[in-house]
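Peer 1: Sending over a structure as structure tokens; questions will come in a sec.
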Amino acid sequence: MLADTLLHAESSLSRGERELIAAYVSSLNDCDFCHYSHAAVASCHLGDDGSTVSAVVRDAYSAPVSQKMKALLAIAARVQRSGRDVQESDIARARTEGATDIEIHDTVLIAAAFCMFNRYVDGLGALTPTDAAGYRDRARHVAEHGYAAIVPQLPIRS
């Protein structure tokens with residue numbers, strides 16, 4: 001499963017950081033189902049109550065994340081608009097802040113994949129559950145076992 005490879009496999013970016021990118025891009029795309037789902041998993045990995053994700057969504061530049069993460073989130077936001085929006089200066093900034101070429105690659109890939117995933121979920125007309133506890137329960141399972149351990153079940157409008 002692509003999501004499991006992107007978000008749960010071994011990487012120099014933590015699972016929390018990768019989930020944060022997924023939640024951020026999903027928020028930018030107004031895909032509530034993906035945003036809430038990945039925000040909950042990010043929060044599990046980051047060990048907070050959702051405050052980091054909320055801060056990033058509110059203003060990624062002033063959020064309590066590393067300068068490297070801010071640079072990667074800026075790249076993710078540009079990819080969300082258009083891959084062609086990524087500038088050499090964005091890449092240079094990320095490298096200056098300590099991002100490796102693989103981390104930059106992974107950020108672009110996660111952002112691009114989530115643009116597709118968001119459109120898929122919204123295109124199916126998936127209903128967005130409003131039960132925060134349900135997102136948290138599923139997030140704990142995903143954080144521990146990964147995405148390959150779950151069968152995708154999107155609640156689709158009838």
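The values are calculated or read from the model by the stated rules, or taken from the named source; none is laboratory data. As the structure is a computational prediction, the values presented were derived from the model and not from experiment. Reconstructed Cβ throughout: ideal geometry from the backbone, glycine too, with neighbour counts over all protein chains shown.
Peer 1: Filter region 44-100 for residues that are among the aliphatic types (A, V, I, L, M) and in contact with a Gly (Cβ under 6 Å, 6 or more places away or on another chain) and give the result.
Peer 2: Scanning region 44-100 gives a single hit, L46.
Peer 1: If you scan region 52-65, which residues turn out to be in contact (Cβ under 8 Å) with a residue 24 or more places away in the chain and outside any loop (DSSP other than H, G, I, E, B)?
Peer 2: The initial filter retains those residues of region 52-65 that are in contact (Cβ under 8 Å) with a residue 24 or more places away in the chain, namely 52-53, 56-57, 60, 65.
If the condition is that a residue be in contact (Cβ under 8 Å) with a residue 24 or more places away in the chain and outside any loop (DSSP other than H, G, I, E, B), then T52, V53, V56, V57 are the ones that fit.
Peer 1: Name the residues in region 4-51 that are at pLDDT 95 or above, among the polar types (S, T, N, Q), closer than 20 Å to E103 by Cα and assigned to a helix (DSSP H, G or I), would you?
Peer 2: Selection gives S26 alone.
Peer 1: Pull out all pairs, ordered by first then second residue, where Cβ-Cβ is under 7 Å, the residues are six or more apart or on different chains, the first lies in region 1-27 and is crowded, with 20+ Cβ neighbours inside 10 Å, and the second is among the charged types (D, E, K, R) and part of a helix (DSSP H, G or I).
Peer 2: L6/R18; L7/R15; L7/R18; L7/E19; H8/R15; L13/E103; L13/D106
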